[in-house]
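> Take this structure first; my questions come after.
The values are calculated or read from the model by the stated rules, or taken from the named source; none is laboratory data. From a predicted model like this one, the values you see are computed outputs, not experimental measurements. Cβ: placed from backbone, ideal geometry, glycine included. Neighbour counts: every protein chain shown. In case anyone asks, the SASA skips ligands and DNA or RNA and just uses the protein heavy atoms, side chains included. Shrake-Rupley method; radii C 1.70, N 1.55, O 1.52, S 1.80 Å.
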Amino acid sequence: MIDSLKEVNLGTDEELLKEFKDVFAWSYKEMPGLDPKLAVHHHVVKNYDRPVKKAQKCFRLDLVSLIESEVKKLIEAGFIRKVKYPTWVSSVVPVRKKNGQI
């Protein structure tokens with residue numbers, strides 16, 4: 001049996017975030033010890049599939065500095081690490097948020 005759906009008003013997103021601001025991590029450095037089992041991404045590649053190497057993507061100059069700073073933050077926080085895959089490349093995909101940030 002499925003319970004009926006109840007709608008609960010928690011206020012606006014901003015009110016909720018402000019009220020519980022101590023619960024949220026606002027930077028990568030505020031998340032030490034994050035269990036990798038919770039947030040690790042793995043590529044499932046079958047042994048008989050040939051990896052695809054794409055050409056490096058070119059970005060506008062204003063995006064390059066934003067991408068580099070974000071990658072640097074992720075490396076310093078230990079969320080990502082440098083690896084070399086001569087036959088496998090995955091491009092960065094910058095996305096503009098609703099607030100205009102990338």
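> Give me the pairs: first residue in the stretch 39-56 and exposed (fewer than 10 other Cβ atoms within 10 Å of the Cβ), second residue modelled with pLDDT of 70 or more, beta-carbon distance under 8 Å, and six or more apart or on different chains, which are they?
Correct list of pairs: A39/F79; K54/S91; Q56/S91.
> Can you name every residue in the stretch 9-38 that is modelled with pLDDT under 70, in a loop (DSSP other than H, G, I, E, B) and open to solvent by 100 Å² or more (accessible area, probe 1.4 Å)?
Across the stretch 9-38, the qualifying residue is only L10.
> Can S65 be described as modelled with pLDDT of 80 or more and open to solvent by less than 80 Å² (accessible area, probe 1.4 Å)?
yes
> Does the stretch 68-84 hold any residues that are in a helix (DSSP H, G or I) and either open to solvent by less than 100 Å² (accessible area, probe 1.4 Å) or touching a Ser or Thr at 6+ places or on another chain (Cβ under 9 Å) (or both), and which are they?
S69, E70, V71, K73, L74, I75
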